[in-house]
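A quick write-up on the structure given underneath.
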Amino acid sequence: MRVAYDLVWDVPALNLTGYREIIRVREDGKVEVQGPNGRVQLDGPRHVERPEGVAPKLSVEISPESLSSSSQVTARAEVIEGSAPVFYTPRANRQGIYENAVVFWELFGPRDEDYRVLLSDGIQPAIARRGGSIEVAVTFGIRKPGPYRLRAAVVDEAGRSTVVWKTLTGAW
């Protein structure tokens, strides 16, 4: 199920005619939903009803497992789609096309300020479809000693997600 939406600042005189539904998140955390049947105020987020189905499967392997100074690490994910296609894109490419990067990669550590969204660093994932699975690989550098946590996440078009965490330690 695909739902198109626009995200905008709620500024005075903003023309919102033509939208079938307008959702405002207020400063107090309450949510106001304005639709064809009137306006409803909720005490918190609206829970999305997802269709029944199977979530995607995700497995991740990292090499090398032991790191040295300025190591290059390759993370490989195997994704098996469930009841709906998997899709993730960090941004449009230079031609304005949103390409499917399949997996969202984050690297935490060794300190809070070292957090990185890997695809934002210009890293291009290698993506290959093999039979009933999708293989995705990213290579990135580790520049500081200490503990790291790699998070890989996939989500299908119905909103079902799967997350895998891997631990790395840079010791030099």
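The values are calculated or read from the model by the stated rules, or taken from the named source; none is laboratory data. Bear in mind that the values here come from a model prediction, so they are computed numbers and not experimental data. Here the Cβ is made from the backbone with ideal geometry for all residues, glycine too, and neighbour counts use every protein chain on show.
Just to be sure I understand, how many residues within segment 12-51 are at pLDDT below 85 and of a type in the set (A, V, I, L, M, F, W, C)?
1
Can you find even one residue in segment 94-115 that is at pLDDT below 90, under 30 Å from Gly141 (Cα atoms), among the charged types (D, E, K, R) and not in a loop (DSSP other than H, G, I, E, B)?
Looking through segment 94-115, none of the residues is at pLDDT below 90, under 30 Å from Gly141 (Cα atoms), among the charged types (D, E, K, R) and not in a loop (DSSP other than H, G, I, E, B).
Report every pair of residues separated by at least 6 positions or lying on different chains whose Cβ atoms are under 7 Å apart, first residue within segment 136-161 and closer than 14 Å to Gln72 by Cα and among the aromatic types (Phe, Trp, Tyr), second surrounded by 21 or more Cβ atoms within 10 Å (Cβ to Cβ) and at pLDDT below 90.
Listed by first residue and then by second, the contacts come to Tyr148/Ile142; Tyr148/Leu168.
What number goes with the only condition from (1) out of contact with any Asp or Glu (no Cβ under 9 Å at 6 or more places or on another chain); (2) touching a residue at least 40 places away in the same chain (Cβ under 8 Å) that Ala55 does not pass?
Status for Ala55: all satisfied but (1).
Given the condition among the basic types (Lys, Arg), closer than 20 Å to Ile134 by Cβ, out of contact with any Phe, Trp or Tyr (no Cβ under 8 Å at 6 or more places or on another chain) and surrounded by 13 or more Cβ atoms within 10 Å (Cβ to Cβ), answer yes or no: does some residue in segment 71-79 qualify?
Yes, some residue in segment 71-79 is among the basic types (Lys, Arg), closer than 20 Å to Ile134 by Cβ, out of contact with any Phe, Trp or Tyr (no Cβ under 8 Å at 6 or more places or on another chain) and surrounded by 13 or more Cβ atoms within 10 Å (Cβ to Cβ).
What about Gly109, is it under 12 Å from Val155 (Cα atoms), assigned by TED's automatic domain parsing to the domain that holds Ile142 and over 16 Å from the mean Cα position of the chain (by Cα)?
Considered against the rule, which asks whether it is under 12 Å from Val155 (Cα atoms), assigned by TED's automatic domain parsing to the domain that holds Ile142 and over 16 Å from the mean Cα position of the chain (by Cα), Gly109 comes out as no.
Answer yes or no: is there a residue in segment 148-164 that is part of a strand (DSSP E or B), assigned by TED's automatic domain parsing to the domain that holds Ile80 and over 21 Å from Pro56 (Cα atoms). Give the steps one after another, and end with the answer.
If we filter segment 148-164 for residues that are part of a strand (DSSP E or B), which is where we start, we get 148-156, 161-164.
Those still in the list that are assigned by TED's automatic domain parsing to the domain that holds Ile80 too: 148-156, 161-164.
So of that shortlist, the ones also over 21 Å from Pro56 (Cα atoms) come out as 148-149.
Checked against the condition, which is being part of a strand (DSSP E or B), assigned by TED's automatic domain parsing to the domain that holds Ile80 and over 21 Å from Pro56 (Cα atoms), segment 148-164 yields at least one hit.
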